[in-house]
Every structure is written in structure tokens, then in C-alpha cells.
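The next block holds one structure in the form of C-alpha cells; read it before the comments.
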């Protein structure tokens, strides 16, 4: 997959390596430069869809959306299995993954947030999946 200059853009961020588009994240994953971490809940992945090969490490847990007390340990264990790889973080809309990227950076990892997340922004009717995001861009996913 070749990327346009715009698709290769890394937007500087505060507290982590940067914000990237889904196509760049997928390119890095396919070229073994990064590991994709899905920080959504198990319920979200089961009901809405998931990216094949993504590592599931929830930032918050369903149903009360409490912080995952094992997030740090799970992420560090993953990083040990893929030394030197970037960590690209995916959530529903690109909000939780910012917090997760900031935490990953505090742990010493090179972490990036995937802009617009899996479902993208909500449209005027409050519906997701029609204004950007992983699925909208036609990248691999299953349900």
C-alpha cells in the first residue's frame, strides 16, 4: 500500500509521539514497524467490530468504565515481545487512545494515537461510521 504525503503526516502531540491517520498506522503494522493496540472494551470489539491482529488491551472496562488496573503491565509485556516497535493505539473515536498514548509514553514507549478511531466522528444525526475512522476508510476489520 502506497501512502500519499498527507496520509504519512504525523501531527505533533502533547505527551506522546503524535497523532496519525489509520492508513499510516496500518502501513506501519503491515511493515512490522508497529503493534496495533485496541484500547476499546471487550463489548465494543464484540458488538461493533475489531481489527484482525490487533492486541486487545482495554483502557477502561465495561460496564462501569473503570480504569483497567492491568493496563501498564499488559502494555509493557507487549512491548517486550516487540522490542523497538512503535505502539499505535485505537479506540472508538480517538479520545481514549490519546489518554492511553500519554500513559504509554510515560512508560517509555513510542506511542501514537490513531485519529478518528475505529468508528470516526458522529455526524449531525449522532451516528458514527460515516465521517472517517478505520472502518470508513475500508481498512481490514471483522465483526
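Every read-out reported here was derived from the displayed coordinates using simple, explicitly stated rules and does not represent laboratory data. Here the structure is a predicted model, which means the values were calculated and not measured. Backbone-built Cβ (ideal geometry, glycine too); neighbour counts: all protein chains shown.
Would you calculate the separation in nanometres between label points at residue 107 and residue 43, each defined as 7 Å from the Cα along the Cα-to-beta-carbon direction?
Simple spin-label model gives 2.4 nm for this pair.
Relative to the present Cα-Cα distance, how much length would full extension add between residue 4 and residue 124 at 0.36 nm per residue of separation? The partial results should precede the final answer.
On the way: separation 120, 0.36 × 120 = 43.20 nm, distance 2.90 nm.
Net length gain for the segment: 40.3 nm.
Run through the DSSP bridge list for the chain and note the antiparallel percent, rounded to the nearest 5.
30 percent
Using Cβ counts within 10 Å as a stand-in for footprinting exposure, how do 28, 141 rank, fewest first? List each step's numbers first, then the result.
Values: 28 18, 141 15.
The fewest-first ordering by Cβ neighbours comes to 141, 28.
Which order results if 109, 115 are arranged by neighbouring Cβ count within 10 Å, fewest first?
Working: 109 20, 115 23.
By the 10 Å Cβ count, ascending, the order reads 109, 115.
Once you place label points 7 Å from the Cα toward the Cβ at residue 131 and residue 64, how far apart are they in nm?
Rounded to a tenth, the inter-label distance reads 3.3 nm.
Suppose we look only past 15 Å in the calculated P(r) of region 66-143. What percent of the Cα-Cα pairs does that tail hold?
Values: 1804 of 3003 pairs.
So the portion of pairs separated by more than 15 Å is 60 percent.
In terms of the Cα gyration tensor, with a ≥ b ≥ c the square roots of its eigenvalues, is region 1-77 rounded because a/c is under 1.5, prolate because a/b exceeds b/c, or oblate? Let's see the in-between values first.
Values: a/c = 2.07, a/b = 1.65, b/c = 1.25.
Cα axes put region 1-77 in the prolate bin.
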